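Visitor: A single structure is presented below for examination.
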Amino acid sequence: MFAAKGLEEKRPIKDNSGDEFLKILIEKRADKLDALVQKLAEKNNPRLLSIKKVEGLFKKNIEFNSRSHLLRELKGSMKASVLNTIIAHLVLENKLVVNDDHSLTWIDTEGNEKLNKVFEKAVPL
């Protein structure tokens, strides 16, 4: 009936070549990322509380299937354009990665107890 949290099936990789925003985030080229964040911040300028709210959700859940999934978890408290600005900023700061299937994964371990526990249990290669 209900899927266990974190066991959702990954979406297949889509070819969204028209979505320049996601393309830049996935490539992680510093020059393009910096220009994107600057452009979005001038237009949307998210508040610090909004950034902290998004970071808190990621620390709690570690991964979201998509931007729309994250937006639903914010329960209408944020516009999509502001969320895109925050996501680009977090990717630039190496706190977040956008995967090829457009899912979002939190990779910043500082203060993230849940992620650190997973790392402690991980088998070294």
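Visitor: Of Lys32/Lys60; Lys43/Lys95; Lys79/Lys117; Lys43/Lys117; Lys23/Lys121; Lys32/Lys117, which pairs sit farther than 31 Å apart, going by alpha carbon to alpha carbon?
Guide: Details: Lys32/Lys60 29 Å; Lys43/Lys95 22 Å; Lys79/Lys117 33 Å; Lys43/Lys117 38 Å; Lys23/Lys121 33 Å; Lys32/Lys117 34 Å.
Correct reply: Lys79/Lys117; Lys43/Lys117; Lys23/Lys121; Lys32/Lys117.
Visitor: Still on this structure: Ordering Val91, Val97 by accessible area with a probe of 1.4 Å, largest first, what comes out? Present the calculation step by step, with values, prior to reporting the outcome.
Guide: Details: Val91 0, Val97 35 Å².
Sorted by accessible area, descending: Val97, Val91.
Visitor: Under 19 Å from a point 7 Å along the Cα-to-Cβ line of Glu110: which residues of the range 39-79 have their amide N that close?
Guide: 48-62
Visitor: Taking a probe of 1.4 angstrom, what is the accessible area of Asp101 in Å², to the nearest 10?
Guide: Answer for Asp101: close to 20 Å² accessible.
Visitor: Share of the range 18-122's accessible area from carbon and sulfur, percent, 1.4 Å?
Guide: Numbers: 3060 of 6010 Å².
Exposed carbon and sulfur together represent 51 percent of the surface.
Visitor: Which distance in nm do the two modelled labels at Asn94 and Asn65 give, with both placed 7 Å along the Cα-to-Cβ direction?
Guide: In this crude spin-label approximation the distance works out to 3.1 nm.
The values are calculated or read from the model by the stated rules, or taken from the named source; none is laboratory data. Nothing here was measured: the structure is a model prediction, and the numbers come from that model. Ideal geometry is used to build each Cβ from the backbone, glycine not excepted, and the neighbour counts take in all protein chains shown. Accessible surface is based on the protein model in full, side chains and every heavy atom, while ligands, DNA and RNA are left aside. Shrake-Rupley method; radii C 1.70, N 1.55, O 1.52, S 1.80 Å.
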